1. To make sure I understand, if each residue's beta carbon is the centre and we count other beta carbons within 10 Å, what order do LYS422, LYS94 fall in, fewest to most?
2. Binning at 5 angstrom from zero up to the longest distance, how are the C-alpha pair distances of the range 309-361 distributed in percent?
3. Under a Cβ-only charge scheme (Lys and Arg +1, Asp and Glu -1), can you give me the dipole magnitude of the chain about the Cα centre, in debye to the nearest 20?
4. Summing Lys, Arg as +1 and Asp, Glu as -1, what charge do residues with Cβ under 13 Å from the Cβ of THR248 carry, THR248 excluded?
5. Taking the Cα atoms of the range 54-135 alone, what are Rg (to one decimal) and Dmax (as a whole number) in Å?
6. What list do you get for TYR319, TYR217, TYR418, TYR313 if you sort them by fewest beta carbons within 10 Å?
7. For GLN378, enumerate residues with amide H under 5 Å from its amide H, sequence gap 5+ or separate chain, H modeled in the peptide plane.
8. ³J(HN,Hα) across the range 345-355 via Karplus (A = 6.51, B = -1.76, C = 1.60, θ = phi - 60°), whole Hz, x for Gly/Pro?
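What follows is calculated from the coordinates using simple rules that are stated; it is not laboratory data. Model, not experiment: these values are computed from the prediction. Glycine also receives a Cβ, built like all others from the backbone with ideal geometry; neighbour counts cover every protein chain displayed.
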Amino acid sequence: MIKIKVSFLFLFLFLLILLSSCLNKPAGKTTTIEPTPTPILTPTPTPSPTTTTTTIEPTALSVICTELATYNSNGLDSSKILQSCIDRTPKGEKLFLPKGKFILVNEVIINKAMTLTTSGSTNDKCSADENHDCAELKANAETMTKIGFVKVLSDNVFFDHIVINGNRQERYQSLAADKCKLSADNNIYGQNVQFLGNDIRITNSVFKNALCGTGLYLISGARFNVINNTISSNGVHDKNLLWSDGLTALEISNSIISDNLFSDNTDIDLILGACPACTIKSNLITHTNSFTSSSFAGLMIQAWPNGGTSGNYTGANIYNNTINCSQGQRCGFGIYLGSSAWYDANVYGGNVHDNSVFGAQQGFAVDKVKDFSIANNQVSGSQGTFQTSCGPKYFSAFVITPGTIVNRQNDLIPSFHYLSFKLDGCIPNDSKFPY
C-alpha cells in the first residue's frame, strides 16, 4: 500500500506540473498596435516615513557648540565659531547647535560625514516663522559667498532641525544683490545652501528668503532624502533676476523628495534637471494671492541645455503632489514636463500620475518630452489668456505639445481635454507684467 500511495503521489505531481506549464504558456498572438507602457522601475532607496520625528541623541563623542550661544541675535559674524565646531566634530559624529539666530558673513563648510542639528528642539520640525526653537543660520548685507553661505561637500551627512535664512529683505541694497541683478549667471551670489554628495538626509528644516538663485541646491549625488522640510519665500517675482527657486536639483538619482511644504518661491518652486529612479511625492506647493510672491512654475521636470544635465527620469515616480496657485493664478505652469518655454533640451523617462493642480495659468503641460507615462493628473481653475515672454498667449488646463512622445494608456482624463499648441519661448507669468 505504501508503494502504491507513493507511486500515485508521483503521478499526481507530474500531472499537476504538466497542467501548470500549459496554463502559463503564452498563447500565440498577432503583433499588437497598442502603445507599450513606459516601464516603471522601482527606486532603489527605501522609502522614508512620512514624518521623521526620531530624536537625535548625543553620544560620548558628540560636540555641543556652546560657544555659539553668545552670538545669538547679537549681529556679529559667527562663521569662524561655527566652522571651528564643525572642524572638531569627529567624522560620523553629531554636532549640536544652540537655539537662536546666528549671522554668517563667510561660508561654512561641512566636508565630512556628520550630523548637524539643534540641541533640545522639541517640535517635529522647524517653523518658518520668526519664533521657533531651532538654530537659524542667517546671511546679512555683508554676506558675499558663492553657491551658498553653507556648503555640504561630503557623503553621509544628516541635516536636521536647522533654519537657513538668506535674509533677502536686508540685502536688497547689498553688493550681492547688485551681482544678482547683472545676469542670471550671477545668481550664485544669492543662493542659500548647497549639497554635493551621496546618502544625504535633509529633514525637518527650513530654507527661506534666498536673495536670488535658490533656497536649497542639490548639485549632484545619489540617495538624497529630502523629507518634511519647509522651503519658502525665496526671492521676489517682480524684481528682475531677484527671483529664486525653492529647491533646485541639478543631477541626482535614487532619491526621495517627499512631504515638503513649498510656499511663495518666485522662480520655480521645485525644479529638477535629472532624477532617475527617484520618488517625488506628497509635496505641497502653495502661493498666496500676490504677484510679488508668484512663480513661473510650481513643479518643473526638465533638463538644462547644452548637456548641462542629462534629463534622465527613467524609473522616476512623481505622484500625489499638490500645487495650489491661489485664486489669482499665481503660477505660470502648475506642472511642466519639458523646457522649451526657456530652451531646448532632451527630457525622457518617468511616470507622472495622480497629482493635482489648482489655479495655475497653464495647469499641466507636457512639452517635447519622450517616453514619459502620464495618468490621472487633476487640474482646476486654469486657462485664460496671459502675458508671457512671447506676448499674450492662451493657456488651458492640459496641453501636449507637438513632438511629444508620451504614454497615456492608464490615463482616465479624456483625450479631448488635452489641447495641442507650442510653448517655445513663451515663459508664463512674465515678471514684466504684474497683475
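1. The most exposed by this proxy come first: LYS422, LYS94.
2. For the range 309-361, the pair-distance distribution reads 5, 18, 22, 20, 21, 12, 3, 0.
3. 980
4. The answer is -4.
5. Spelled out, the Cα radius of gyration and Dmax of the range 54-135 are 12.6, 33 Å.
6. TYR319, TYR418, TYR217, TYR313
7. The answer is ASN355, SER356, VAL357.
8. Karplus-based 3J(HN,Hα) across the range 345-355 equals 7, 8, 10, 8, x, x, 10, 10, 8, 6, 9 Hz.
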